[in-house]
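Visitor: Below you'll find the structure I mean.
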Amino acid sequence: MEYCKISEALRKKEGEEVKIRGWIYRKRSSGKIAFIVVRDSTGIIQTIVEKKNVSSEEFKNARKALIESSVEIEGVIHEDERAPGGREIHVKKFNVVGFAEEFPITEYQSVEFLLDNRHLWLRSRKLTEVMKLKAKVLRLIRQWFDENDFYEVTPSVITTNAAEGGATAFEFDYFGQKAYLSQTAQMYLEALIFSLERVWSLTPSFRAEKSRTRKHLTEYWHLEAEEAWVDNEGNMKIQEELISHVCQNIVKIARDELEFLGRDIESLKQIEPPFKRVKYKDAIKKLQEKGFEIKWGDDFGAPHERALVEGEEKPVFITHFPVEAKAFYMKISPDGKTVECADMLAPEGYGELIGGSERSEDIDSMIARLRQQGAKVENYEWYFDLRRYGSVPHSGFGLGLERLIMWLAKLDHIRDATPFPRMLRRAYP
Ligand code: NSS
């Protein structure tokens, strides 16, 4: 007999024989009987080991095996409404593959303890469901890019350009030369549109964020796209279609995960284009009306972002930020004061999901802005070449994958959207 997954065992009928394998999730035993709940990647099922049905060695091991021991079990399905999933297995063969030592994680543990034991805590139901959700979101994202004529490319993570500002760049010594861990693949994607026109990539991005917030990691998965012949408005259309594709389809392929995580399915089904576009200057006005002390030029913090999406069911774009507030590569609008950019804010206060813009084609303006930031302009010579040899209007964006997961899974901290979170004081395990 072949092993079957627990989800499959839970669909079998009374009296059917099954063979499963997994880890002990919960157990209790008395003199002649042991109730052992087993989990695998697909679910949990209760098994019942009775002294009379197995060898004495097997029964001894079933009683002795602690939580998280790995096991192989053969038995017969019995339908019972009281059991989780409505089925249990009456065990005929019980084999312990690996006896677990006493598992360090018990019911009530501090956040720090759980982070120290992240390699084990990943086995928890919640993190399991989040990781499944993340894999399925990635599947949908790939599908959307494939269907919309984007090429997936593989840019470098070692770079000499701190495109999102030197202050949050991790610097290191690259054989005697100053180099950085990439904050964005954008500049490399820009180089690739001149041959491929529409490209996307998924790479780790690094930000030396010194502040502790619920939405910042120092290492996160950055999904970026770059498109030739597309302006800021066209760029927003691509983003709203991508996000809507994910929302419309994730409810179909990850219903169980979303429900387990407490996400209301209906709210995601409503997400479809178009998303509202609000100019930065109107956002400032709206915030002032709501009583915030904020003025032209200020950046938005979490309370502002929350206020801006109050009452909104779909994500909202905030567009046309002041030139000084944004990166050197953004195209300056005809008014000379703002840039052709858009930040997509998630509903429900989950913050910025995407940052995107139309790219500047004006080398002098980019040099002036880089100088103002104190950047080493020589390092950007190759980037300016892209404007010198057949430049075209183009735009692109970057999506923080863990931010998207945080919103979809309704997580209250971004750390749970990634298996091994990297934060201000956390790089272990
Ligand atoms: O800084 S961004 O707003 N924009 C860029 O890096 C552009 N160069 C992207 C591009 O046009 N190709 O970052 C993009 C997104 C942002 O909206 C967040 O969702 C996410 O990256 N992000 C983060 N996620 C987690 N942790 C941190 N620290 C973080 N910083 C940005």
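Visitor: Starting from the Cα of Ala135, step 7 Å along the direction of its Cβ; do the same at Arg63; then give the gap between the two resulting points in nm.
Guide: Roughly 3.8 nm, to one decimal.
Visitor: Just subtract the alpha-carbon distance of Lys410 and Gln372 from 0.36 nm times their residue separation and send over the number in nm, one decimal. If you can, show how the numbers build up before the last one.
Guide: Working: separation 38, 0.36 × 38 = 13.68 nm, distance 3.94 nm.
Full-extension gain reported as 9.7 nm.
Visitor: Sorted by average packing, counted as other Cβ atoms within 10 angstrom per residue and highest first, what order do 48-56, 157-165, 171-179, 323-331 take?
Guide: 323-331, 157-165, 48-56, 171-179
Visitor: Now a separate question. Each label point is 7 Å from the Cα along the Cα-to-Cβ direction; what then is the distance between the points at Arg306 and Asp385, in nm?
Guide: In this crude label model, Arg306 to Asp385 measures out at 4.8 nm.
Visitor: Next question. Using a simple spin-label model with points 7 Å from Cα along the Cα→Cβ vector, what separation in nm is obtained for Ile253 and Lys276?
Guide: 3.1
Visitor: Using 0.36 nm times the number of residues separating Glu102 and Ser30, minus their current alpha carbon distance, what extension gain do you get? Kindly include the intermediate steps, with their values, before the conclusion.
Guide: Values: separation 72, 0.36 × 72 = 25.92 nm, distance 1.94 nm.
Answer, rounded to one decimal: 24.0 nm.
Visitor: Measure nothing fancy, just the Cα-based angle from helix 125-147's long axis to the longest principal axis of the chain, in degrees from 0 to 90, nearest 10.
Guide: Relative to the chain, helix 125-147 is tipped by roughly 50 degrees.
Visitor: Can you pull the percent of Cα pairs in the chain with separation above 29 Å? Intermediate results must be reported in sequence, preceding the final value.
Guide: On the way: 50564 of 91806 pairs.
Value for the chain: 55 percent of Cα pairs lie more than 29 Å apart.
Visitor: Once phi is turned into θ = phi - 60°, what whole-Hz ³J(HN,Hα) does the Karplus curve with 6.51, -1.76 and 1.60 give for every residue of segment 303-311, x standing for Gly and Pro?
Guide: x, 5, 4, 5, 5, 5, 9, 4, x
Visitor: Working from Cα positions, state the angle (0 to 90°, nearest 10) between the long axis of helix 280-289 and the longest principal axis of the chain.
Guide: Approximately 70 degrees, to the nearest 10.
Visitor: Hey, what does the equivalent ellipsoid look like for segment 1-67, semi-axes from the Cα gyration tensor as sqrt of 5 times each eigenvalue, largest first, whole Å?
Guide: Values: eigenvalues 87, 40, 21 Å².
Each semi-axis is the square root of five times an eigenvalue, giving 21, 14, 10 Å.
Visitor: Which order do the peptides 59-68, 217-226, 107-116 come out in when sorted by mean C-beta neighbours inside 10 angstrom, highest first?
Guide: Numbers: 59-68: 17.8, 217-226: 23.1, 107-116: 11.3.
Packing order, densest peptide first, comes out as 217-226, 59-68, 107-116.
Visitor: So, R0 is 25 Å and r is the distance between the beta-carbons of Asp298 and Arg212; what FRET efficiency does that work out to, to 0.05? Before the final figure, lay out the partial values.
Guide: On the way: r = 21 Å, r/R0 = 0.85.
Efficiency at R0 = 25 Å is approximately 0.75.
Visitor: Compute the distance from the alpha-carbon center of segment 186-239 to that of segment 30-97, in whole Å.
Guide: Measuring centre to centre over Cα atoms gives 49 Å.
Visitor: For the chain, take the longest principal axis of its alpha carbons; what is the angle in degrees between that and the long axis of helix 232-253, to the nearest 10 within 0 to 90?
Guide: With both axes taken from Cα atoms, the answer is about 10 degrees.
Visitor: Just how many pairs of Lys in segment 1-91 have C-alpha atoms closer than 18 Å, counting pairs that are eight or more places apart or on different chains?
Guide: 13
Visitor: Take the Cα gyration tensor of segment 295-334, multiply each eigenvalue by 5, square-root it, and list the three semi-axes largest first, rounded to whole angstrom. Spell out each step's value before the answer.
Guide: On the way: eigenvalues 103, 33, 13 Å².
The equivalent ellipsoid of segment 295-334 has semi-axes of 23, 13, 8 Å.
Visitor: Also, quick follow-up: Summing +1 for each Lys or Arg and -1 for each Asp or Glu, what net charge is found among the other residues whose Cβ lies under 11 Å from the Cβ of Ser201?
Guide: Values: positive: none; negative: Glu152, Glu224, Glu226.
That works out to -3.
Visitor: If you don't mind, there's one more thing I want to ask. Per q in 0.14 1/Å, what log10 I(q)/I(0) does a Debye calculation on the alpha-carbon atoms of segment 293-429 return?
Guide: Here log10 of I(q) over I(0) equals -0.82.
Visitor: Can you tell me the order of 240-246, 127-133 when each peptide is scored by its average per-residue count of other Cβ atoms within 10 angstrom, highest first?
Guide: Working: 240-246: 21.1, 127-133: 19.1.
Ranked from most to least packed, the peptides come out as 240-246, 127-133.
Visitor: Here is a follow-up. Based on the alpha-carbon gyration tensor of segment 220-335 and its eigenvalue square roots a ≥ b ≥ c, which shape applies: rounded if a/c is under 1.5, prolate if not and a/b is larger than b/c, or oblate?
Guide: oblate
Visitor: So, R0 is 30 Å and r is the distance between the beta-carbons of Phe170 and Trp229; what FRET efficiency does that work out to, to 0.05?
Guide: Efficiency, rounded to the nearest 0.05: 0.30.
Visitor: If you take the beta carbon distance between Val157 and Lys12 as r and set R0 to 41 Å, what does 1/(1 + (r/R0)^6) give as a FRET efficiency, to the nearest 0.05? Let's see the in-between values first.
Guide: Values: r = 47 Å, r/R0 = 1.14.
It comes to 0.30.
Each value in this text was obtained by applying a stated rule to the coordinates, not by laboratory testing. Please read all numbers here as calculations on a predicted model, not as lab measurements. Ideal geometry is used to build each Cβ from the backbone, glycine not excepted, and the neighbour counts take in all protein chains shown.
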